[in-house]
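The values are calculated or read from the model by the stated rules, or taken from the named source; none is laboratory data. Everything numeric here is computed off the predicted structure, so don't read it as measured data. Note that each Cβ is placed from the backbone with ideal geometry, even for glycine, and that neighbours are counted across all protein chains shown.
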Amino acid sequence: MPSDPENEAQIVARAQAGDRDAMQALLQPYETQVYRFLVNRLGNAHDAADVTQDAFVKALRNLGKYEHRGQFRAWLFQIARNESLNFIQKRNRMSTATVTEDGENRMAQEPDPRPGADQQLQESEEREQIRECVGKLPEKEGEVVRLRLEQDITFREIAEIVEAPLNTVLGRMRNATRRLRDCLELHGFVPA
Amino acid sequence: MTAEEENKVLLFWSGEIDESEVNDLLAENPDAAKLLAELRRQANLANPDEIQIPRPFAAIAAETVAAEPKVVRFPTYRVWAPIAAAAAILILTTIIVFKPDPQVDPTVSRRAAIDAEIAELEIAVAELEQSSRFSRRRS
């Protein structure tokens, strides 16, 4: 696992030269994070799996364009984010053409991949509530919150991923924090 | 609390700045401490469950890309420079070799012939004038 920029640079160089093991070693540490990010973003495990795979392949094909300016993770997440945006646009275009005779939209829905999701719903209403509240956030604020709260990515990396200045990202997080607090309070969950 | 102060709390919470940069702020401003507590609370609530990946994405991607044929990129810059130089030489050569010779240019020679004829006529007219003055004097 790339633990420092120098080590990562060496693995990237080997991967760029076509070393299959290096390619795998470069991506493996981020499999779960990227997949989870896309599950939350797309709301569908099957689609998230396809988009994760596409993003990983695209990252390896374009490794020559990686300029080592930031961390590899931020660059990879940027690719995953762009792939998800393309997928959502495509899905939105197709969804208008897949309405059944009775007028229902037949988009495939996969079950929640997280183990014990039903149990969690019962055991922790507050956790579910914050997820709902995150879902109600404006898109750009929700994006920052998801990357920070759910993926534990730094604000500097988030700024790279969403291609916005750091202060803008921090501003979105400040606003989102207030909205989440208000949303939780509205549903009876006040801070201790 | 100012936006700048809130940002400091956010960056401290994410581990991007050191505690020493926010100690005073947290100690003196209760709103800063409240914000930090709220951020930790929300992070704790949003902490995701363990998720199992359905397939080995990294291995499949590495396999896919490693099996692709390598595209040999020809350095086109090595071709364009000589082509440009050859084109410039060709154009210059064409200009030099096919530049019209004024001596064989029919337009030029015809003009010269007309000028010569005019000159001869002027001389003839001058001679006639001179001879008519002479004959007037004699008569």
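Worth pointing out:
- The residue that is surrounded by the fewest Cβ atoms within 10 Å (Cβ to Cβ), counting only those in segment A:24-74 that are of a type in the set (Asp, Glu) and within 13 Å of chain B (Cβ to nearest Cβ), is A:50.
- Odd one out for residue A:149, checked against (1) free of Cβ contacts under 8 Å to residues at least 40 places away in the same chain; (2) more than 12 Å from residue B:11 (Cα to Cα); (3) surrounded by fewer than 20 Cβ atoms within 10 Å (Cβ to Cβ); (4) within 9 Å of another protein chain (Cβ to nearest Cβ): (3)
- Boolean, residue A:132 is in a helix (DSSP H, G or I), surrounded by fewer than 18 Cβ atoms within 10 Å (Cβ to Cβ) and facing chain B (nearest Cβ under 8 Å): no
- Each residue in segment B:27-48 was checked for being buried (at least 18 other Cβ atoms within 10 Å of the Cβ) and farther than 17 Å from residue A:177 by Cα, and 1 pass.
- Flag for residue B:19 being surrounded by 19 or more Cβ atoms within 10 Å (Cβ to Cβ) and more than 18 Å from residue A:147 (Cα to Cα): no
- Test: residue in segment A:13-20 that is away from chain B (no Cβ under 13 Å) and in contact (Cβ under 8 Å) with a residue 12 or more places away in the chain: no
- On the stretch given as segment B:38-89, residues that are modelled with pLDDT of 85 or more and among the basic types (Lys, Arg) total 3.
- Of residues in segment B:21-42 being of a type in the set (A, V, I, L, M, F, W, C) and more than 13 Å from chain A (Cβ to nearest Cβ), the one farthest from residue B:11 (Cα to Cα): B:27
- Annotation for segment A:82-97: at least one member residue is modelled with pLDDT of 90 or more and within 14 Å of another protein chain (Cβ to nearest Cβ).
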